[in-house]
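Student: Quick one: structure below, then a few questions.
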């Protein structure tokens, strides 16, 4: 069955990005430490068209968690740090000429913009909210899954709208102290079930399934 | 070697107590859900002088994590909800006539008070801060360990003072939405090492060792 899924790296103190995000520090100060375990996996290197990386339990898990993700939803901040109306010259985001998604990506924004194709990825800009973005992504994903890319606000909105089915939290042993919280003001009515817990190398993989 | 340790139950969104703590809801609204897994263990039932409870991985782990804890440090809020100067009649805390600690307990407070013995537990009231409380607890613990009981502020103060060696986070699949955060404003300079991750029944046990 087609599901709405998320997998996200988070610090031991609950932040998915550090303080003072900027073009230079897209993940905020200290935020890169959250992804070191992922960079080491063979899956991540393949996604970015490179050789190398290691197999092992974390590689298996990210591969499994990403399988059949046929569409992505992300917040505008995850597309790029530009705010307000889109202005010429249009900035094409963090992801370079060959974004690693290779599936339709739906970007939440308050400002309309024509779709943008870079390499094998097309970004669609959705001005009318998370329900609409997830509905469009479901349509695009067909029998595959929809992956919520982030950031924190987008994940929280998806849960508040009762739309997220599964989340894998990759909890990394580091304190960021401040920044963007993964969970803030979550509704306590959501039923959270722990389905699996796996020890990786320098990361804990916590699998939760949500119902509403 | 004698260590300063902590083990604490926390929600998936990082709260160790829910909102609106009161005498009736010592753990705040929804907070009792954090301890359901622990109540089921044989170790917890033994601690409270009762029969029953279940063995298994979580029972083994809490038993191991609590072994040789020969002194406890806690914040005043964990002793009882009374604030300000101690007034007659002196309230003797949450823990009843037979507190389950049975080792010296050092309670952080801004207001001096004579030691209080209830059953096999003596509470000492420490007006001069976390360093002093931990030093006194170390002295009392001899070759055993010091256990930081909580709450959040006390755990955070212990880490900020560079005094906490190990923490076991028992992460429970529930959202509390609001309340007392386990980690808030932690120094990013602390080195956190993940030493073990274990899947319990309705709980994930995350073992971290800290260095400064």
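Student: Is it the case that the stretch A:124-146 has a residue that's assigned to a strand (DSSP E or B), more than 14 Å from chain B (Cβ to nearest Cβ), under 28 Å from residue B:171 (Cα atoms) and at pLDDT 95 or above?
Tutor: Yes, the conditions are met somewhere in the stretch A:124-146.
Student: Kindly indicate the residue of the stretch B:12-56 that is over 15 Å from the mean Cα position of the chain (by Cα) and assigned to a strand (DSSP E or B) and also nearest to residue A:168 (Cα to Cα) among those meeting that condition.
Tutor: Filtering the stretch B:12-56 for residues that are over 15 Å from the mean Cα position of the chain (by Cα) and assigned to a strand (DSSP E or B), the one nearest to residue A:168 (Cα to Cα) comes out as B:41.
Student: On the basis of being within 14 Å of chain A (Cβ to nearest Cβ), over 18 Å from residue A:177 (Cβ atoms) and free of Cβ contacts under 8 Å to residues at least 24 places away in the same chain, does residue B:197 make the cut?
Tutor: yes
Student: Any residue in the stretch B:83-96 that is at positive phi and within 18 Å of the chain's Cα centre (by Cα)?
Tutor: So far as the stretch B:83-96 goes, yes, one or more of its residues are at positive phi and within 18 Å of the chain's Cα centre (by Cα).
Student: Answer yes if at least one residue in the stretch B:108-126 is surrounded by 17 or more Cβ atoms within 10 Å (Cβ to Cβ), closer than 23 Å to residue B:31 by Cα and touching a helix residue (DSSP H, G or I) at 6+ places or on another chain (Cβ under 8 Å), and no otherwise.
Tutor: Within the stretch B:108-126, one or more residues are surrounded by 17 or more Cβ atoms within 10 Å (Cβ to Cβ), closer than 23 Å to residue B:31 by Cα and touching a helix residue (DSSP H, G or I) at 6+ places or on another chain (Cβ under 8 Å).
Student: Identify, from the list B:62, B:103, B:72, B:82, the residue that is part of a strand (DSSP E or B) and surrounded by 15 or more Cβ atoms within 10 Å (Cβ to Cβ).
Tutor: None of the others qualify; the one that does is B:72.
Student: In the list B:163, B:206, B:210, which residue meets the criterion of being part of a loop (DSSP other than H, G, I, E, B) and at pLDDT 95 or above?
Tutor: The match here is B:163.
Student: Does residue B:169 satisfy being crowded, with 21+ Cβ neighbours inside 10 Å, within 14 Å of chain A (Cβ to nearest Cβ) and in a helix (DSSP H, G or I)?
Tutor: no
Student: Based on what the data block shows, is residue B:164 touching a residue at least 24 places away in the same chain (Cβ under 8 Å), in contact with a helix residue (DSSP H, G or I) (Cβ under 7 Å, 6 or more places away or on another chain) and within 14 Å of chain A (Cβ to nearest Cβ)?
Tutor: yes
Student: If you take the residues of the stretch A:180-189 that are at the interface with chain B (Cβ under 7 Å from one of its Cβ atoms) and within 20 Å of the chain's Cα centre (by Cα), which of them is nearest to residue A:38 (Cα to Cα)?
Tutor: The selected residue is A:183.
Student: Let me ask something else about it. Please find, among A:24, A:54, the residue that is surrounded by fewer than 21 Cβ atoms within 10 Å (Cβ to Cβ), touching a strand residue (DSSP E or B) at 6+ places or on another chain (Cβ under 9 Å), more than 14 Å from chain B (Cβ to nearest Cβ) and free of Cβ contacts under 8 Å to residues at least 40 places away in the same chain.
Tutor: Of A:24, A:54, the one residue that is surrounded by fewer than 21 Cβ atoms within 10 Å (Cβ to Cβ), touching a strand residue (DSSP E or B) at 6+ places or on another chain (Cβ under 9 Å), more than 14 Å from chain B (Cβ to nearest Cβ) and free of Cβ contacts under 8 Å to residues at least 40 places away in the same chain is A:54.
Student: Hey, residue B:192 hits all of (1) surrounded by 19 or more Cβ atoms within 10 Å (Cβ to Cβ); (2) over 23 Å from residue B:42 (Cβ atoms); (3) more than 10 Å from chain A (Cβ to nearest Cβ) but one; which does it fall short on?
Tutor: (3)
Student: Kindly indicate whether residue A:153 is surrounded by fewer than 22 Cβ atoms within 10 Å (Cβ to Cβ), closer than 21 Å to residue B:179 by Cα and away from chain B (no Cβ under 12 Å).
Tutor: In short, yes.
The values are calculated or read from the model by the stated rules, or taken from the named source; none is laboratory data. Owing to the predicted nature of the structure, the values given are computational and were not obtained by experimental measurement. Because the Cβ atoms are built from the backbone with ideal geometry, glycine has one as well, and the counts that use them run over all protein chains shown.
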